[in-house]
């Protein structure tokens, strides 16, 4: 009897790659500014990664448990391991790798904000105290590094 | 720097609350001009390559040994008296305050300007 091709192995890796690449290429850049929940929790992407791992597991079970009817004894565990590695890396990047050390010296609520003068993107001087009576939302960010 | 676009989408609401959005980054004036152009920002980005202001705010961060220092992502709402009225110093660089929650903080901690609803 002709054994069936084990498509679930490829499908699993496909979902995994879609979940991970989609997070960086699409969710952070295009969706994040409008729907920050999807960026902050990465729920959709984690669900895709989970779906991918499920497919990989099915592929391995088919290859070994129903070996008479399914192929992929080498392919299914190989792609499954790749998918698991990718998922692990994604979870590490989402959580432990993106934590920052504390910044205990940063001004607290109720304290005076240090005044300063810096140059803006148009080359003009900007002084914090000169913005009064407006409020200022000062946003420090990482930039191109 | 993805929080910049989110703030851009709500910048009219900040203006309505008499609040000036200002970014601070280690990048050069030229890089900031490029970012303002490509993201279509309608507020100012300040260049702090020597980290003088970043240090004054206690926000120097060295991501990896040997790499140039950058700012720890953080936001401060400073009122007309120069006092910090709200702040967010994130512990995870993926997580930045949402524009809606910043606007809510402005409404909570600063009196609404006269003539607005």
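Running a GNM on chain B with Cα contacts under 10 Å, which residue among B:65, B:97, B:73 ends up with the highest mean-square fluctuation? Checking each option, the largest mean-square fluctuation is seen for B:65. Backbone N atoms of region A:1-35 closer than 15 Å to the 7 Å Cα→Cβ label point of residue A:68 belong to residues A:1-4.
With axes computed from alpha carbons, what is the tilt in degrees of helix A:43-65 against the longest principal axis of chain A, rounded to the nearest 10 within 0 to 90? Result, in degrees: 20.
Over all residues in A:7-16, what is the mean tally of Cβ atoms on other chains that come within 10 Å of each residue's Cβ? List each step's numbers first, then the result.
Details: counts 0, 0, 0, 0, 0, 0, 0, 0, 0, 0.
Counting other chains' Cβ atoms within 10 Å and averaging over A:7-16 gives 0.
Relative to the longest principal axis of the Cα atoms of chain B, the long axis of helix B:29-39 makes an angle of roughly 50 degrees.
Under Stokes-Einstein, with the Kirkwood radius over Cα pairs standing in for Rh, what whole-number D in µm²/s applies to chain B at 20 °C and 1.002 mPa s?
Numbers: Rh = 15.4 Å.
For these conditions, the coefficient is 139 µm²/s.
Take the Cβ atoms of residue B:16 and residue B:39, set R0 to 22 Å, and the FRET efficiency comes out at 0.55. The residues A:111, B:20, when put in order of fewest to most other Cβ atoms within 10 Å, stand as A:111, B:20.
The fewest-to-most ranking of B:60, B:94 by surrounding Cβ atoms within 10 Å reads B:60, B:94. Here is how the number arises for the protein assembly as shown: DSSP H runs of 4 or more residues each give -39500 (n - 2.57), the sum is divided by the residue count, and the result at 222 nm is -12500 deg cm²/dmol. Mean partner shielding of peptide A:88-98, defined as the number of other chain Cβ atoms within 10 Å of each residue Cβ, is 1. For the peptide A:37-43, the mean number of other protein chain Cβ atoms found within 10 angstrom of a residue's Cβ is 2. Summed over all non-identical Cα pairs, the Kirkwood treatment of the protein assembly as shown gives a radius of 20.8 Å. Compute the long axis of helix A:75-94 from its Cα atoms, compare it with the longest principal axis of the Cα atoms of chain A, and write down the angle in degrees, 0 to 90, nearest 10. Once rounded, one gets 20 degrees.
With Rh defined as the Kirkwood radius, the inverse of the mean 1/r over Cα pairs, the Rg/Rh of region A:7-98 is 1.09.
Every read-out reported here was derived from the displayed coordinates using simple, explicitly stated rules and does not represent laboratory data. Since we're looking at a predicted model, the values are computed, not measured. Don't worry about glycine lacking a Cβ; one is built from the backbone with ideal geometry, like all the others, and counts go over all protein chains shown.
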